[in-house]
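Novice: Have a look at this one before I ask anything.
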Amino acid sequence: MDERVAPDVVIPELGATEAAASETRFRLLVEQSPLVVYTHDGSRPPAMTYVSPQVEQMLGIEAARWLEQPFLWVTRIHPDDREDVLAQIDEACLEERRFTGEYRYRTQEDHVVWVRDEATPVRDDDGRVVYWQGALSDITDRKATEEAFKQSEHRSRLMIESVTDHAMVMLGPDGTIVSWNPGAERLFGYTEAEAVGQNISIFAPEGRRWREDETADLAFAIEHGPAEGEGWRLRKDGSRFWAHFVTTPVRDEQGQLVGLARVTRDLTERRESGRMITQRARQQAAVAELGMRALAHAGAEPLMDEATHIVARTLDLPLSALFLVTDESAPLESASLRLAYGTGWASGLVGSLEIPPDPGSLLWYSLVDGSPVVVAEAAAQVRRSLPPLLTDHGVVACAALALRVGARPIGVLLAASPRPIPFQDSEIYFLQEITNVVGSFLERTRAEELLKTLDTDRSRLLGRVLTSQEEERAHVSRELHDDLAQTLAGITLFAASLATSTAGKEKETLERIGEMAQDAADAVRRLIGDLRPLELEDGLAHATERLADIAGSRRGIPIQVQFEGAPQRLPDEVEVAVYRIVQEGLNNIGKHAALARAAVALRFHSRFVEIEIRDEGPGFEVDEIASAGGEHVGILGMHERATLIGAGLELDSVPGRGTTVRLRVPIAAEAEERQSA
């Protein structure tokens with residue numbers, strides 16, 4: 001009698017029939033279970049004494065074979081697992097304790113099946129182990145899921161570790177760093193050992209507000225979901241970078257907060273690019289503003305004064321000046337400079353201070369050499385080359401560029417600061433554009449003043465020159481209005497949209513702003529080219545070839561160019577007049593002989609230069625030009641320009657047989673002979 005049963009309870013003995021029925025019910029229960037139930041004798045290795053029929057479905061071998069070959073189960077264990085599994089079973093049998101294990105079987109078709117094996121010793125009334133009873137369950141699907149998850153984790157870990165341009169950090173709910181990828185080490189400078197356990201706020205700049213903002217960002221992400229932002233962050237070495245970061249809450253299957261994932265990237269270059277684009281647009285607008293003032297004929301003094309204020313205002317500098325030579329007829333090395341216009345200087349200096357010649361000084365070097373002089377931070381030896389005016393005002397950084405009227409320097413434009421400034425190429429180019437506008441304006445103004453001194457016999461010529469100037473002004477004005485002004489307006493709108501753009505739009509907006517800024521720069525270069533043809537810097541031959549290329553590309557048919565003799569340089573005013581005559585002649589071909597063959601010949605002789613422009617277009621009656629009035633303004637202008645430089649212009653045209661323009665420009669001796677005659 002079982003001691004655990006009360007004495008007055010009688011346990012009936014089962015008869016043979018009832019025992020058989022009970023065993024039958026047990027077998028039915030076992031054989032309908034999805035598990036494979038088995039028994040073994042606990043020997044070493046154990047011999048199988050019973051196995052349920054489900055073993056055939058699980059492992060592909062019928063139950064009878066398992067019983068005929070009691071050790072068959074040992075051979076079907078996967079070779080890689082067999083030794084370890086048998087050792088664990090042997091140890092459990094020796095210690096008469098429960099065995100639990102997971103290992104692989106090979107089926108009859110040599111497939112692999114993962115099983116979970118649980119075996120328990122069955123004891124008699126004396127506590128002796130009679131046999132062992134176990135159950136096998138198929139866990140292949142579970143193992144496949146676990147392996148897939150493990151591979152996914154492995155791939156995720158490899159991906160995170162391979163990302164070096166983004167910092168990927170896992171945080172605890174309180175902001176404590178719990179994981180750290182190589183990208184974070186590269187970006188922040190901390191190793192994983194140094195960073196893990198620290199609070200994310202160590203990367204915020206010093207100050208209570210920054211740290212409170214960091215805490216608020218985490219709280220917002222926890223409450224509302226993924227949150228992004230931008231701001232300054234600190235590296236280990238104390239340097240700063242402009243960061244874009246996204247914080248995402250991580251929750252488990254029950255929705256409980258596990259931590260936060262933070263991805264950070266360095267946007268310093270993008271931010272700087274945006275700043276440079278905005279700054280360049282601002283510079284282009286300033287040049288356009290000065291150009292409009294020049295076109296409005298505001299006067300030389302107001303224009304030069306405004307130029308210095310525009311420089312200081314656009315570059316955010318406290319000091320700017322325009323120095324002019326006091327005697328333009330004197331050699332540049334011995335010329336004195338006068339502080340004619342400027343802003344930021346001590347009271348009473350602008351307009352009155354005269355600086356004596358100092359060939360070793362920065363100002364005179366820029367004036368004589370003609371190249372920009374840039375000092376980002378004046379060292380002691382460099383500071384000695386600064387005029388006392390600059391050192392007295394604490395200047396340590398400056399940029400100086402020569403102001404030219406035609407080919408001759410007449411002054412120096414200066415931008416200066418009492419703090420170190422790494423002047424960018426775009427800023428030097430901006431200063432160059434300012435000097436170009438002022439120099440071109442002065443050149444035109446002086447030409448106008450010279451024309452006003454001509455006697456009444458040349459009044460008609462003066463009228464035509466002024467008309468041509470007005471036409472050029474109208475052309476430049478249209479360029480500014482139709483091209484540059486609209487481009488700058490577009491840049492302003494796109495720059496404004498950059499500040500409010502959503503993630504993923506920045507690159508497209510920046511590219512569009514860059515394209516429009518380039519368009520604005522091209523428009524300004526065209527404006528400068530209209531005021532002073534840059535092609536002439538490389539000589540008349542190069543300029544003529546360039547004009548022919550442009551005219552040919554516009555009409556879609558090339559214009560042949562022929563050169564004879566050794567190229568020679570002519571006086572600046574002569575080359576400009578020849579350039580304009582050739583330009584007008586090629587424009588006429590585009591208007592009246594667009595589909596006809598055309599050619600330009602430039603011949604250099606010892607005493608003269610000859611230019612011939614011919615086309616096979618429809619031609620016209622030359623005698624009708626004088627009576628046509630405004631219909632042939634361009635040809636009349638060509639005659640007037642030729643007269644100004646003492647050249648001869650011949651026009652030969654017959655209806656249906658084309659047109660030829662010949663220009664003969666005297667060189668040196670021939671010009672002197674013509675003037676004396």
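The values are calculated or read from the model by the stated rules, or taken from the named source; none is laboratory data. Because the structure is a prediction, the values reported are computed rather than measured. Don't worry about glycine lacking a Cβ; one is built from the backbone with ideal geometry, like all the others, and counts go over all protein chains shown. Ligands, DNA and RNA are excluded from the accessible area calculation, which covers all protein heavy atoms including side chains. Shrake-Rupley method; radii C 1.70, N 1.55, O 1.52, S 1.80 Å.
Novice: Looking at Gly259, Gly255, which one is over 30 Å from Arg512 (Cα atoms), open to solvent by 20 Å² or more (accessible area, probe 1.4 Å) and of a type in the set (Gly, Ala, Ser)?
Specialist: On the way: Gly259 fails: open to solvent by 20 Å² or more (accessible area, probe 1.4 Å).
Among Gly259, Gly255, only Gly255 is over 30 Å from Arg512 (Cα atoms), open to solvent by 20 Å² or more (accessible area, probe 1.4 Å) and of a type in the set (Gly, Ala, Ser).
Novice: Residue by residue through the stretch 282-298, note down the ones that are open to solvent by 20 Å² or more (accessible area, probe 1.4 Å), among the hydrophobic types (A, V, I, L, M, F, W, C) and closer than 21 Å to Val405 by Cβ. Lay out the reasoning, then the answer.
Specialist: Restricting attention to the stretch 282-298, the residues satisfying the condition of being open to solvent by 20 Å² or more (accessible area, probe 1.4 Å) are 282, 285, 289, 292-293, 295-298.
Now drop any that are not among the hydrophobic types (A, V, I, L, M, F, W, C), which leaves 285, 292, 295-296, 298.
Listed by number, the residues that qualify are Met292, Leu295, Ala296, Ala298.
Novice: Can you name the number of the only condition in (1) open to solvent by 60 Å² or more (accessible area, probe 1.4 Å); (2) out of contact with any Phe, Trp or Tyr (no Cβ under 8 Å at 6 or more places or on another chain) that Glu228 fails?
Specialist: Every condition holds for Glu228 apart from (2).
Yes or no, residue by residue, for (1) at pLDDT 80 or above; (2) touching a strand residue (DSSP E or B) at 6+ places or on another chain (Cβ under 9 Å); (3) more than 14 Å from Gln560 (Cα to Cα); (4) open to solvent by less than 50 Å² (accessible area, probe 1.4 Å):
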| position | (1), (2), (3), (4) |
| --- | --- |
| Ala596 | yes, yes, no, yes |
| Val609 | yes, yes, yes, yes |
| Asp615 | yes, yes, no, yes |
| Gly619 | yes, yes, yes, yes |
| Ile625 | no, yes, yes, yes |
| Gly629 | no, no, yes, yes |
| Gly634 | no, no, yes, yes |
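Novice: If you check every pair at least six apart or on different chains, which have Cβ atoms under 8 Å apart with a residue in the stretch 414-430 that is under 17 Å from Ser273 (Cβ atoms) first and a residue that is outside any helix (DSSP H, G or I) and open to solvent by 20 Å² or more (accessible area, probe 1.4 Å) second?
Specialist: Pro422/Ala376
Novice: Out of curiosity, is Ala321 at pLDDT 90 or above, part of a strand (DSSP E or B) and under 21 Å from Gln424 (Cβ atoms)? Spell out how you get there, then give the answer.
Specialist: Values: at pLDDT 90 or above: yes; part of a strand (DSSP E or B): yes; under 21 Å from Gln424 (Cβ atoms): yes.
So Ala321 passes the test.
Novice: Of all the residues that make up the stretch 339-371, how many are over 18 Å from Val311 (Cβ atoms) and surrounded by 12 or more Cβ atoms within 10 Å (Cβ to Cβ)?
Specialist: Going through the stretch 339-371 one residue at a time, the tally reaches 10.
Novice: Now for a separate question. Name the pairs whose Cβ atoms lie under 9 Å apart, with the first residue in the stretch 299-328 and under 14 Å from Val412 (Cβ atoms) and open to solvent by less than 30 Å² (accessible area, probe 1.4 Å), the second basic (Lys, Arg) and not in a helix (DSSP H, G or I), and 6 or more positions between them or separate chains?
Specialist: These pairs meet every condition: Phe323/Arg338; Leu324/Arg338; Val325/Arg338.
Novice: Another question, if that's okay. Is at least one residue of the stretch 569-580 open to solvent by 50 Å² or more (accessible area, probe 1.4 Å), without any contact (Cβ under 8 Å) to a residue 60 or more places away in the chain and out of contact with any Pro (no Cβ under 7 Å at 6 or more places or on another chain)?
Specialist: yes
Novice: Out of all the residues in the stretch 179-187, is one or more open to solvent by less than 50 Å² (accessible area, probe 1.4 Å), part of a helix (DSSP H, G or I) and in contact (Cβ under 8 Å) with a residue 24 or more places away in the chain? Before the answer, list the steps.
Specialist: Keep residues of the stretch 179-187 that are open to solvent by less than 50 Å² (accessible area, probe 1.4 Å), which gives 179-181, 183-184, 187.
Still in the running and part of a helix (DSSP H, G or I): 183-184, 187.
Narrowing further to those that are in contact (Cβ under 8 Å) with a residue 24 or more places away in the chain: 184, 187.
There is at least one residue in the stretch 179-187 that is open to solvent by less than 50 Å² (accessible area, probe 1.4 Å), part of a helix (DSSP H, G or I) and in contact (Cβ under 8 Å) with a residue 24 or more places away in the chain.
Novice: Within the stretch 554-563, work out how many residues are open to solvent by less than 70 Å² (accessible area, probe 1.4 Å) and either in a strand (DSSP E or B) or over 17 Å from Asp615 (Cα atoms) (or both). First the steps, then the outcome.
Specialist: Within the stretch 554-563, the first condition is being open to solvent by less than 70 Å² (accessible area, probe 1.4 Å), and the residues that meet it are 555-557, 559, 561.
Now drop any that are not either in a strand (DSSP E or B) or over 17 Å from Asp615 (Cα atoms) (or both), which leaves 561.
Matching residues across the stretch 554-563 total 1.
Novice: Given Val412, Val375, Val437, which one is at pLDDT 85 or above, farther than 17 Å from Tyr341 by Cα, open to solvent by less than 20 Å² (accessible area, probe 1.4 Å) and β-branched (Val, Ile, Thr)? Working first, answer last.
Specialist: Details: Val412 fails: farther than 17 Å from Tyr341 by Cα; Val437 fails: farther than 17 Å from Tyr341 by Cα.
Result of the check over Val412, Val375, Val437: Val375.
Novice: Shifting gears a bit: Just name the residue that is modelled with the lowest pLDDT out of those in the stretch 142-178 that are among the polar types (S, T, N, Q) and surrounded by 11 or more Cβ atoms within 10 Å (Cβ to Cβ). Give the steps one after another, and end with the answer.
Specialist: Step one: of the stretch 142-178, the residues among the polar types (S, T, N, Q) are 145, 151-152, 156, 162, 164, 176.
When the remaining residues are screened for being surrounded by 11 or more Cβ atoms within 10 Å (Cβ to Cβ), the result is 145, 164, 176.
Working: Thr145: 79, Thr164: 55, Thr176: 90.
That would be Thr164.
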